[in-house]
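Engineer: One structure follows; several queries about it will come next.
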Amino acid sequence: MMARTLYQKLWDDHVICTEADGTALLYIDRHLVHEVTSPQAFEGLKIAGRKPWRVSSIVATADHNTPTQYWEQGITDPVSRQQVETLDANIRSVGALAYFPFRDPRQGIVHVVGPENGATLPGMTVVCGDSHTSTHGAFACLAHGIGTSEVEHVLATQCLLQKKSRTMLVWVDGVAGRGVSAKDIVLALIGKIGTAGGNGYAIEFAGPGIRALSMEGRMTVCNMAIEAGARVGFVAVDDTTISYLRNRTFAPKGDTWDKAVTYWRTLVSDEGACFDSTVCLDAGVLQPQVTWGTSPEMVTGIDGAVPAPEDFSDPVKSEGVARALNYMGLVPRTPITQIAIDKVFIGSCTNSRIEDLRIAAGVIKGRQRAESVKLALVVPGSGLVKAQAEAEGLDKIFIAAGFEWRHPGCSMCLAMNDDRLSPGERCASTSNRNFEGRQGGGGRTHLVSPAMAAAAALAGRFVDVRDLV
Amino acid sequence: MDRFVKHTGLVVPLDRSNVDTDAIIPKQFLKSIKRSGFGPNAFDEWRYMDHGEPGMDNSSRPRNPNFVLNLDRYQGATILLARANFGCGSSREHAPWALQDYGFKAVIAESFADIFFNNCFKIGLLPIVCSKAELNSLFGLTEQSTGYTLTIDLENQLLVRSDGHVVPFDIDAFRKKCLLNGWDDIGLTLLHEQEIREFESKRKLRQPWLFS
C-alpha cells in the first residue's frame, strides 16, 4: 500500500460514501456542544421532527456565556441566561454521554473539558460549533469547527459532508528554550505563513520541537491552526499521547485499552508519505512572541518593534497595517518592550490548562502586579483545572501577587460575559484572537504566552520573560 | 435552504482583507437563540458610532457616515465585494446569517476562510472566489460608477458585468447542485441512512471504545 499521511488515514477511516466530485460523507465520532451555536440546531431538529442519531457521541457544557465570579447569583444577564437554560433544556430532552452544566465541578471550556475527561481519543472525528475544535487534533483526531447548520446535520445524521483538504507538514526543528513555549511556536508560524496560509489545508505538526511538547502544549499549537487558516491541525500519536490518556474518565480500560493503544500507535504518517506543502520552523532560535496588530499574523519577537505601513509593498496590506496601528493606538517603530498595558488575561481554550497556570505562577511567585495594571485575571479552563491548581496552591500565588482568581469559562477571550476590556484599554492576553473589539468594543489585544502575560503583569509593559525565569 | 440560480444586484465594495466574523457580527449578538434578525447588526462596530447591544432600536442609532455600507449609493446592495481571507476567525454561522439577513445574496472575494465558506453554502448565500486582477477591476468599476450591478449566473458559473464582459468562476459540482435546487443537506444525507448504519455497526466491532 502507498505510504499514507496521518490525514489520509483519518480520512479513510471515516468515509461512508463519496460523490462524483469528491464530496464525501464522513462519520462523526464525537460531537461537542455548547450553548452559543447549538440552540438553532436543536430547534431545527425539532421542527423537522428528527431525533438525534447517537446521543452517546455528545459531550456538552456551558462555557461562552458563563460568568467567572458571583456564581451564587447565577447568570444575571437575562439573554445569556436564556441561552444557557436553552442548552440545559435541550440536553435534558435528548441526552448526552456527559453534560457539565453551569456550576458543575467539571464544567469548563469545551476544548479543555473534552480531553481532560478522556472524551477526546486518538483517531476520532471530533466536531463542535466552535472554530477552536482544532485543539483536539493534538490527540491525532480529525477535529474541526462547524457552523450551526452542520451541528444540526451531525445531530440528525452522525455525519458531515466534506471535501478533502490538501495536506501541509509543519516541521518544527529544535526545542523551545527556557521561557519560550508552544504559544510562541504557533504565533511564529502564523507570522510566517499568514492567517490565510493554511486555507484549504489540514496541518500536521511534527518534528522534535513538537515531540518535546506536553499534550497541553500540543493542544495550544493545534488550537491556533485555525488562526493560520487551517480548520484542522494535528499531531501524531506517541508515548506522550498514550500516557496522558491512561485512566481518564471516558478512556477505555482493561483489554479494550490495550486494543485501543495498538490501534492508536498506527496513527502516524507513514515513512515517505507526501504532503502538498511543507513549512519549517526552528523552535530553538525563537524569542517569546507578541502581536502588535489586529490579526494574529501581525506578530514579532519581544526584541522587535512595531512596523510601519510603508514596510509593506502590497497596498491592501499596507492599508491594513495603518488601520491596525490606528486601532491599536501604536506608533511605527515603537519597541515592543515600550508598550504599556492596562489589563492581563490568563485563560481561554488556548492557554488555561494546568501547565499554563503552573508556568504563569512560576513567573510571578514572590513578585507583585505592577500598580499601573488595573486587572490581572486568571480564568482556569475548567473546574478540574481549577481544583488541581488550588490543590497545588497556585491560586494563593496568584492572589498574593495581586491577580484575580476566577471560575472557569471562555471569559475575556471573547467577552460574551462581563469580563471585557473598555474602549482603549490594552491587554496582554493568552487567548487566540486580537481582532478589533474581540475582548470588548475598542479594546486592544496583544496575544502572548502565559509566561509573557505573567511577566507583563509584573512590569506593566511587555518584557522578555527569559530574564525572569 | 434558499435556491440560488441567477441573480442581478447592486454591488458594494468592502476594501479590506482579513474581515473576520467578529467584525461581521460581534459576539454580543450571538446570545440570541434565533436564526434571523442579525441583519441590522451586520458589521455593527463599523456601521454605527455607538456600542450596539441586543434589543436596541437600531434605526435610531448614530451611523458612521464613512462606512461604505452607509453610503446612499450602496443602499439596497445584494452583492458584497471583499478582499482576501474573508470570514476568518470564529465558526459562527451568525456571520452568514447576518449577511443574508442584511440582504446579500453573494460575496465575491479573493479568498475565504474555510469554515465561513462552508457555512455560506448551508444557507444559500453564494461565496465566489475571484482572481486578484479581476477583483481589482470590479472594485474599480464599482467605485467609479454609481449603481453598478453584476449578474451572477450560477448555472453557467459566470459573473456577467454590465459591459457584457463575463468572468467564469469555479464551484464544486455537488454544492452547485444543492444551491440550484435549494436542497436540504440533511435530507440528502438521510438517503444514505442504511449505509451509515452499516458503517456504524462495523465501527463498533473494530473500535468498541468509541461507543461506550
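Engineer: Can you work out which of the residues in segment A:180-191 that are among the small types (Gly, Ala, Ser) and either at pLDDT below 95 or assigned to a helix (DSSP H, G or I) (or both) is farthest from residue A:453 (Cα to Cα)?
Structural biologist: Out of the qualifying residues, it is A:191.
Engineer: Determine the pairs where a residue that is of a type in the set (A, V, I, L, M), located within segment A:275-288, has a partner that is in a loop (DSSP other than H, G, I, E, B) with Cβ atoms under 7 Å apart, the partner being 6 or more residues away or on another chain.
Structural biologist: If the second residue must be in a loop (DSSP other than H, G, I, E, B), the pairs left are A:283/A:174; A:283/A:175; A:283/A:176; A:285/A:174; A:286/A:176; A:286/A:180.
Engineer: Right, here's the next one. Being crowded, with 24+ Cβ neighbours inside 10 Å, touching a residue at least 12 places away in the same chain (Cβ under 8 Å) and out of contact with any helix residue (DSSP H, G or I) (no Cβ under 8 Å at 6 or more places or on another chain) is the requirement here; does residue A:168 meet it?
Structural biologist: yes
Engineer: Test residue A:173 against the criterion of being away from chain B (no Cβ under 12 Å) and of a type in the set (D, E, K, R), and give yes or no.
Structural biologist: Against the criterion (away from chain B (no Cβ under 12 Å) and of a type in the set (D, E, K, R)), residue A:173 qualifies.
Engineer: Out of B:79, B:33, B:123, which single residue is away from every other protein chain (no Cβ under 14 Å), open to solvent by less than 40 Å² (accessible area, probe 1.4 Å) and more than 22 Å from residue A:434 (Cβ to Cβ)?
Structural biologist: None of the others qualify; the one that does is B:79.
Engineer: Additional query: Looking at segment A:289-366, what strands (runs of 3 or more DSSP E) fall wholly within it and have at least 3 residues that are in contact (Cβ under 8 Å) with a residue 24 or more places away in the chain and away from chain B (no Cβ under 14 Å)?
Structural biologist: Fully inside segment A:289-366 and qualifying: A:343-346.
Engineer: Picking from A:6, A:32, which residue would you name as being surrounded by 23 or more Cβ atoms within 10 Å (Cβ to Cβ), out of contact with any helix residue (DSSP H, G or I) (no Cβ under 9 Å at 6 or more places or on another chain) and either under 30 Å from residue B:188 (Cβ atoms) or not small (Gly, Ala, Ser) (or both)?
Structural biologist: Working: A:32 fails: out of contact with any helix residue (DSSP H, G or I) (no Cβ under 9 Å at 6 or more places or on another chain).
Just a single option satisfies the conditions, and that option is A:6.
Engineer: Condition (residue is of a type in the set (Lys, Arg) and without any contact (Cβ under 8 Å) to a residue 40 or more places away in the chain) applied to segment A:81-94: is it met by at least one residue?
Structural biologist: Scanning segment A:81-94 turns up at least one residue that is of a type in the set (Lys, Arg) and without any contact (Cβ under 8 Å) to a residue 40 or more places away in the chain.
Engineer: If we scan segment B:56-63, do we find a residue that is over 19 Å from residue B:168 (Cβ atoms) and touching a helix residue (DSSP H, G or I) at 6+ places or on another chain (Cβ under 7 Å)?
Structural biologist: Checked against the condition, which is being over 19 Å from residue B:168 (Cβ atoms) and touching a helix residue (DSSP H, G or I) at 6+ places or on another chain (Cβ under 7 Å), segment B:56-63 yields at least one hit.
Engineer: Could you please let me know if residue A:60 is hydrophobic (A, V, I, L, M, F, W, C), closer than 30 Å to residue A:238 by Cα and within 12 Å of chain B (Cβ to nearest Cβ)?
Structural biologist: Criteria not met by residue A:60.
Engineer: Could you please find all residues in segment B:66-76 being more than 19 Å from residue A:441 (Cα to Cα) and open to solvent by 50 Å² or more (accessible area, probe 1.4 Å)?
Structural biologist: Correct list: B:71, B:72, B:73, B:75, B:76.
Engineer: Next up: What is the residue count in segment A:371-399 for residues that are surrounded by fewer than 18 Cβ atoms within 10 Å (Cβ to Cβ) and assigned to a loop (DSSP other than H, G, I, E, B)?
Structural biologist: 5
Engineer: Using the structure shown, decide if residue B:39 is closer than 14 Å to residue B:96 by Cβ, more than 8 Å from every other protein chain (Cβ to nearest Cβ) and among the small types (Gly, Ala, Ser).
Structural biologist: Against the criterion (closer than 14 Å to residue B:96 by Cβ, more than 8 Å from every other protein chain (Cβ to nearest Cβ) and among the small types (Gly, Ala, Ser)), residue B:39 qualifies.
Engineer: While we're here: Would you confirm, using the coordinates I've provided, whether residue B:105 is more than 9 Å from every other protein chain (Cβ to nearest Cβ), within 11 Å of the chain's Cα centre (by Cα) and open to solvent by 10 Å² or more (accessible area, probe 1.4 Å)? If you could, list the steps in order and put the result at the bottom.
Structural biologist: Numbers: more than 9 Å from every other protein chain (Cβ to nearest Cβ): yes; within 11 Å of the chain's Cα centre (by Cα): yes; open to solvent by 10 Å² or more (accessible area, probe 1.4 Å): yes.
For residue B:105, the condition - more than 9 Å from every other protein chain (Cβ to nearest Cβ), within 11 Å of the chain's Cα centre (by Cα) and open to solvent by 10 Å² or more (accessible area, probe 1.4 Å) - is met.
Results for (1) buried (at least 20 other Cβ atoms within 10 Å of the Cβ); (2) over 24 Å from the mean Cα position of the chain (by Cα), shown as yes or no for each residue.
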position: A:267; (1), (2): yes, no
position: A:278; (1), (2): no, no
position: A:281; (1), (2): yes, no
position: A:301; (1), (2): no, no
position: A:315; (1), (2): no, yes
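Engineer: Moving on. When residues of segment B:1-21 are filtered for being facing chain A (nearest Cβ under 9 Å) and under 14 Å from the mean Cα position of the chain (by Cα), how many remain? Give the derivation first.
Structural biologist: Taking segment B:1-21 first, the residues facing chain A (nearest Cβ under 9 Å) are B:1, B:15-18, B:20-21.
Within this subset, residues satisfying the condition of being under 14 Å from the mean Cα position of the chain (by Cα) are B:1, B:20-21.
Selection size over segment B:1-21: 3.
Engineer: Further, regarding this structure: Residues that are open to solvent by 10 Å² or more (accessible area, probe 1.4 Å), over 23 Å from residue B:85 (Cβ atoms) and within 9 Å of another protein chain (Cβ to nearest Cβ): does segment A:132-154 have at least one?
Structural biologist: Among the residues of segment A:132-154, at least one is open to solvent by 10 Å² or more (accessible area, probe 1.4 Å), over 23 Å from residue B:85 (Cβ atoms) and within 9 Å of another protein chain (Cβ to nearest Cβ), which makes the answer yes.
Engineer: Evaluate segment A:401-424: report whether one residue or more is touching a residue at least 24 places away in the same chain (Cβ under 8 Å), assigned to a helix (DSSP H, G or I) and either away from chain B (no Cβ under 14 Å) or not hydrophobic (A, V, I, L, M, F, W, C) (or both).
Structural biologist: Checking segment A:401-424: at least one residue is touching a residue at least 24 places away in the same chain (Cβ under 8 Å), assigned to a helix (DSSP H, G or I) and either away from chain B (no Cβ under 14 Å) or not hydrophobic (A, V, I, L, M, F, W, C) (or both).
Engineer: Inspect all residues belonging to segment A:186-200 and state whether any of them is closer than 24 Å to residue B:21 by Cα, facing another protein chain (nearest Cβ under 9 Å) and not small (Gly, Ala, Ser).
Structural biologist: Looking for residues that are closer than 24 Å to residue B:21 by Cα, facing another protein chain (nearest Cβ under 9 Å) and not small (Gly, Ala, Ser), one finds at least one in segment A:186-200, hence yes.
Engineer: To continue, here is another question. Look through A:121, A:97, A:45 and report the one residue that is in contact with a Ser or Thr (Cβ under 7 Å, 6 or more places away or on another chain), among the aliphatic types (A, V, I, L, M) and within 12 Å of chain B (Cβ to nearest Cβ).
Structural biologist: Numbers: A:121 fails: in contact with a Ser or Thr (Cβ under 7 Å, 6 or more places away or on another chain); A:45 fails: in contact with a Ser or Thr (Cβ under 7 Å, 6 or more places away or on another chain).
Every option except A:97 fails the conditions.
Engineer: Given (1) open to solvent by less than 30 Å² (accessible area, probe 1.4 Å); (2) within 14 Å of chain A (Cβ to nearest Cβ); (3) not in a loop (DSSP other than H, G, I, E, B), identify the lone condition not met by residue B:52.
Structural biologist: For residue B:52, the failing item is (3).
Engineer: Within segment B:190-201, track down each residue that is part of a helix (DSSP H, G or I), facing chain A (nearest Cβ under 10 Å) and open to solvent by 30 Å² or more (accessible area, probe 1.4 Å).
Structural biologist: B:190, B:193, B:195, B:197, B:198, B:199
Engineer: Follow-up. Out of A:112, A:79, report the one residue that is β-branched (Val, Ile, Thr) and either open to solvent by less than 10 Å² (accessible area, probe 1.4 Å) or assigned to a loop (DSSP other than H, G, I, E, B) (or both).
Structural biologist: Details: A:79 fails: either open to solvent by less than 10 Å² (accessible area, probe 1.4 Å) or assigned to a loop (DSSP other than H, G, I, E, B) (or both).
Unique residue meeting the criteria: A:112.
Engineer: Looking at (1) surrounded by 24 or more Cβ atoms within 10 Å (Cβ to Cβ); (2) in contact with a Ser or Thr (Cβ under 7 Å, 6 or more places away or on another chain), which is the one condition that is false for residue A:437?
Structural biologist: That leaves (2) as the condition not met.
Engineer: Restricting attention to segment B:159-212, which residues are in the same structural domain as residue B:133 (by TED's automatic domain parsing), modelled with pLDDT of 95 or more and of a type in the set (Phe, Trp, Tyr)?
Structural biologist: If the condition is that a residue be in the same structural domain as residue B:133 (by TED's automatic domain parsing), modelled with pLDDT of 95 or more and of a type in the set (Phe, Trp, Tyr), then B:169 is the only one that fits.
Engineer: Right, next: Out of the residues in segment B:144-183 meeting the condition of being charged (D, E, K, R) and within 14 Å of another protein chain (Cβ to nearest Cβ), tell me which one is farthest from the chain's Cα centre (by Cα).
Structural biologist: By that ranking, first place goes to B:177.
The values are calculated or read from the model by the stated rules, or taken from the named source; none is laboratory data. Not measured: the values here are computed from a predicted model. Here the Cβ is made from the backbone with ideal geometry for all residues, glycine too, and neighbour counts use every protein chain on show. All accessible areas refer to the heavy atoms of the entire protein, side chains included, with ligands and DNA or RNA removed. Shrake-Rupley method; radii C 1.70, N 1.55, O 1.52, S 1.80 Å.
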